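See below for the structure under consideration.
The values are calculated or read from the model by the stated rules, or taken from the named source; none is laboratory data. A quick note: this is a predicted structure, and the numbers were derived from the prediction, not measured. Using ideal geometry, Cβ is built from the backbone for each residue, glycine included, and neighbour counts are taken over all protein chains shown. For accessibility, only protein heavy atoms count, side chains too; no ligands or nucleic acids. Shrake-Rupley method; radii C 1.70, N 1.55, O 1.52, S 1.80 Å.
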Amino acid sequence: MPARQRILVTGVAGAWGSRVAARLLQDVDRHVLGLDRRPPQRRLDGLDFIQADLRDPLLAALLRDEQIAAVCHLPAVDEPGLDGANGDTLVTGTIDLLAACAAAEIRQIVVMSSSLVYGARPTNPAFMAEDQPLYGAEAPSVRRLTDIEAAVAGSSRRPASTRLAVLRFAHILGPTAPSPLNRLLRLPLSPVLLGFDPLLQVIHEDDVEAALLYALEHGADGPFNIAAEGLLPLSRLLALGRKPALPLFHPLAYAGARWLGGTRLATYLPLDPDYLRYRCVADLTRLHEVLGFEPERTAEAVARAARRERPDPAGEPDPAAGEAALGPILARRRLARVGRERQGQGRPATEEATHG
Amino acid sequence: MAENGRARCAATTKAGKPCQNYPPAGQRYCRWHLPVGDGRGLDTAPTIPVETEPATDGRSPWRLDFRLAGRRLQLDLGDPEIQEQWGQLQEELHQLRSNLRRLFPRLPPPVQERLQGLFSEDLLDVETWKGLWFMVDYNVRYQADMVRRRFTGEYETDEWGLDWEFVDTVQPFFNFMYRGFFRARATGLEHVPDSGGALLAVNHSTQWAWDGIMLMTGLQLDHPAQRLLRLLYAGQAGRLPFLSLFLEKGGQAPAGVENGARLLEQGELVGLFPEGWRGVGKLFPDSYRLARFRQVSLARMALVTGAPIIPVTIVNGAEIQALLRQSRLIARLLDAPSLWPAPGRGWLAPLGLLPLPGRWTIEFGPPIDSTAYPPDAAEDPAQSARLTDEVRQVMRQMLLRHRAGRPATPSA
């Protein structure tokens, strides 16, 4: 019987981590391990959860011992509860994760990022290719992503056989996606800047999931811009989604953003005003020619779907999940731990299985 | 002629050549040739009034019973009262017409004839009013439908943000400015190709983009292929509110080698102001002196794509708005470059926005072939500098010839 492919998903407690893990778990040929500092809130049957920090020095050992074939890194930069003080640990965690992957010689790494890292500036090219320098923005979430991208770019010490794909998604829309534009559209009045109407690229969250899986399965390497076909002016996006807009005079919007700061900013002005002012559109040539992935929905279809959708809670937390499956997992962990201690590492293993 | 798989418009332009524009998705004709009512998004087809039935019940044959815009109208012109009034009206109209000359003796004859035509027998013809009502009704519903579609997002923009309905709305004003206000004249239009990418290098002579707008309008009105010009505007202008919106909906693109090259490869007509900001901020005494060409993007764009460069000079644009000083306050307030032409201080300052009606001349020179340069010249700064210099020399010659009053030499 062929060995099941073992995939590690980091950031499993976040929305994207749990979603991708759930999708991967549907395939019986795969064994999915989830890594995060907190347990996932969704019920994920069959997930091999490891509660640990990415910065743990034993991570390389874990990767080697568990014979991980691919790592899917999904930093939860967009979720208001998970960022803040923990935000900077995402960046250091990514650096450490990549170092651990290099040490363990992982074959495939897929990192989820956003095309917001290019930055919305008036002097940017109209269609930005992947080799465009990343300017990012003032907003904390985008700044963190830019730092993560810089970490990825700087991790050149990995072996040549490793494929590291960075997927830069456009604005993600859908019923559950926590992206800034989605939160903006969910406000009772979406703030826009008076006199500006930039063209936006969007993508549906189902296509994001499909893209992440596609990249894992097809051995993607390098940065890729991923977005749905077609560009929408912001006014058209709001009109198609039947969302009322609140035009703000732009110096006031910038002043307001500076004054709000922190979580209040995430609530009232989730998207940095620069992205409501200038265009930040990525070129999709590399996606079509090299990766060969086609999102199912066009931009217009995504905007129309936003009209009908109601926001879904991302799945109820299930406190009584998986106790029956805990036994064999605990036994295996114990064996692994004992094995490591015998090899003289001398430290109690930090991973413990608390969720099935 | 579908090169990249997309079919072109199936119509013929007024020059007799096949139209080279791309139709919107699912249509056979481009938006210029799209027949009215064919897929324009009207939710109800306009109803044409019909049914003038002669009455069969012995009453007068002048009974009208028709539907117009969903309403039913009934008129009985055979009624003796109405007939009497009708007869009176006819007489009065006849009197008015024959006495018009006496009422307005000072009017020139063509105007008098027009006036007489206004008060003709047609006014008493029901068909005239039906037709007028039909036209007004259709227009109102078309506009209302367009506004409704704006609010529901049922319109299209291309990947550069071009919105044809916006262009349609503002074009009549610019047409008037071109023909009526500036009385512009375009010469050398045969040098602009009917299809395929071409790069227009234009000298900057005004503030507030009037020269760009007039160039666009000139190509729409006077060139047989009616091509839309895509100007490359300085990215910094995108920081101004509303201006960036209008530029984008008009299909213009921010400046940059990548943008220009992409547009040229798509077969669009691209316009570029090589002098850059220095051209715009020129104070009045410096007009018609070509500022130093700021960047090499002109040469690189042309060399990378092999498109011809067509030098264009616009003359008499500078007198229209004399820039005497620049306003820093406005610049700081809007977080944007200062573009305030002010002929005076205080109350007179807003007058700077009004252009003066000077006569314009737009001259297109013969195209400069960029394929004459070796293929790797785009990376070679010396070659790009040579090409830029060549373009600059040609434009200087054109400007000097105009200032000396001599007409442009015919293309060799």
Residues in the range A:142-165 that are in a loop (DSSP other than H, G, I, E, B) and exposed (fewer than 12 other Cβ atoms within 10 Å of the Cβ) total 5
A careful count of residues in the range B:114-135 that are over 31 Å from the mean Cα position of the chain (by Cα), open to solvent by 70 Å² or more (accessible area, probe 1.4 Å) and without any contact (Cβ under 8 Å) to a residue 12 or more places away in the chain gives 3
Checked pairs for the range B:18-43, first more than 16 Å from B:ASP158 (Cα to Cα), second at pLDDT 50 or above and loosely packed, with under 13 Cβ neighbours inside 10 Å, C-beta under 7 Å and 6 or more apart or across chains, list as B:PRO18/B:THR12; B:CYS19/B:THR12
For the range B:338-350, check the following and say yes or no: at least one residue is crowded, with 16+ Cβ neighbours inside 10 Å and at pLDDT 70 or above.
no
Notebook entry, point to check: Is there a residue in the range A:196-204 that is surrounded by fewer than 22 Cβ atoms within 10 Å (Cβ to Cβ) and either out of contact with any Ser or Thr (no Cβ under 9 Å at 6 or more places or on another chain) or more than 18 Å from A:THR10 (Cα to Cα) (or both)?
Noted result: no
> For B:GLU165, are the conditions met, namely being within 14 Å of chain A (Cβ to nearest Cβ), assigned to a helix (DSSP H, G or I) and either at positive phi or surrounded by 12 or more Cβ atoms within 10 Å (Cβ to Cβ) (or both)?
Replying inline: yes
Going through the range A:114-129 in order, the residues found to be more than 13 Å from chain B (Cβ to nearest Cβ) and open to solvent by 10 Å² or more (accessible area, probe 1.4 Å) are A:SER114, A:LEU116
Just one listed residue, out of A:ALA239, A:ALA215, A:ALA210, A:ALA228, is free of Cβ contacts under 8 Å to residues at least 60 places away in the same chain, of a type in the set (Gly, Ala, Ser) and either part of a helix (DSSP H, G or I) or within 14 Å of chain B (Cβ to nearest Cβ) (or both), and it is A:ALA239
For the range B:2-38, the count of residues that are closer than 18 Å to B:VAL167 by Cα, open to solvent by 40 Å² or more (accessible area, probe 1.4 Å) and modelled with pLDDT under 75 equals 5
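Taking the range B:273-290 on its own, how many of its residues are open to solvent by less than 10 Å² (accessible area, probe 1.4 Å), at pLDDT 70 or above and not charged (D, E, K, R)?
Going residue by residue through the range B:273-290, those that are open to solvent by less than 10 Å² (accessible area, probe 1.4 Å) are B:274-275, B:279.
With the extra rule that they be at pLDDT 70 or above, the set shrinks to B:274-275.
Subset that is not charged (D, E, K, R): B:274.
Number of matching residues: 1.
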With respect to A:PRO233, determine if the residue is surrounded by fewer than 23 Cβ atoms within 10 Å (Cβ to Cβ), of a type outside the set (Ser, Thr, Tyr), touching a Lys or Arg at 6+ places or on another chain (Cβ under 9 Å) and at pLDDT 90 or above.
yes
Practice problem: Determine whether the range B:247-261 contains at least one residue that is at pLDDT 85 or above, open to solvent by 30 Å² or more (accessible area, probe 1.4 Å), within 23 Å of the chain's Cα centre (by Cα) and more than 12 Å from chain A (Cβ to nearest Cβ). | Solution: no
Counted residues in the range B:210-246 being at the interface with chain A (Cβ under 8 Å from one of its Cβ atoms) and surrounded by 23 or more Cβ atoms within 10 Å (Cβ to Cβ) come to 2
From the option list A:LEU252, A:LEU246, single residue qualifying as more than 21 Å from A:ILE203 (Cβ to Cβ) and outside any helix (DSSP H, G or I) is A:LEU246
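Quick one: which of B:ALA237, B:ALA201, B:ALA184 is closer than 12 Å to B:VAL312 by Cα and among the hydrophobic types (A, V, I, L, M, F, W, C)? First the steps, then the outcome.
Details: B:ALA237 fails: closer than 12 Å to B:VAL312 by Cα; B:ALA184 fails: closer than 12 Å to B:VAL312 by Cα.
Of the residues listed, the single one that is closer than 12 Å to B:VAL312 by Cα and among the hydrophobic types (A, V, I, L, M, F, W, C) is B:ALA201.
Among the residues of the range A:227-242, is any of a type in the set (Ser, Thr, Tyr) and over 25 Å from the mean Cα position of the chain (by Cα)? Spell out the reasoning first.
Taking the range A:227-242 as the starting set, the residues that turn out to be of a type in the set (Ser, Thr, Tyr) are A:235.
With over 25 Å from the mean Cα position of the chain (by Cα) added as a condition, the list becomes A:235.
The answer is yes, given that some residue of the range A:227-242 is of a type in the set (Ser, Thr, Tyr) and over 25 Å from the mean Cα position of the chain (by Cα).
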Discussion item. For the range A:88-99, check the following and say yes or no: at least one residue is at pLDDT below 85 and part of a loop (DSSP other than H, G, I, E, B).
Written reply: no
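Working carefully through the options A:ALA70, A:ALA139, A:ALA103, find the one that is at pLDDT 90 or above and more than 14 Å from chain B (Cβ to nearest Cβ). Step through it out loud before you land on a result.
Values: A:ALA139 fails: at pLDDT 90 or above; A:ALA103 fails: at pLDDT 90 or above.
The unique qualifying residue is A:ALA70.
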When the range A:180-205 is checked residue by residue, the ones that are over 25 Å from A:VAL290 (Cβ atoms) and away from chain B (no Cβ under 14 Å) are A:PRO180, A:LEU181, A:ASN182, A:ARG183, A:LEU184, A:ARG186, A:LEU187, A:PRO188, A:LEU189, A:PRO191
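Each row is one residue, and each column tells you yes or no for (1) more than 14 Å from chain A (Cβ to nearest Cβ); (2) closer than 30 Å to A:ASP197 by Cβ; (3) open to solvent by 50 Å² or more (accessible area, probe 1.4 Å).
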position	(1), (2), (3)
B:THR152	no, yes, no
B:TRP160	no, yes, no
B:THR169	yes, yes, yes
B:GLY180	yes, no, no
B:VAL192	yes, no, no
B:ARG72 meets each of (1) at pLDDT 80 or above; (2) open to solvent by 80 Å² or more (accessible area, probe 1.4 Å) with one exception, condition (1)
Of B:GLN90, B:GLN95, B:GLN83, the only residue that is loosely packed, with under 12 Cβ neighbours inside 10 Å, out of contact with any Lys or Arg (no Cβ under 9 Å at 6 or more places or on another chain) and part of a helix (DSSP H, G or I) is B:GLN95
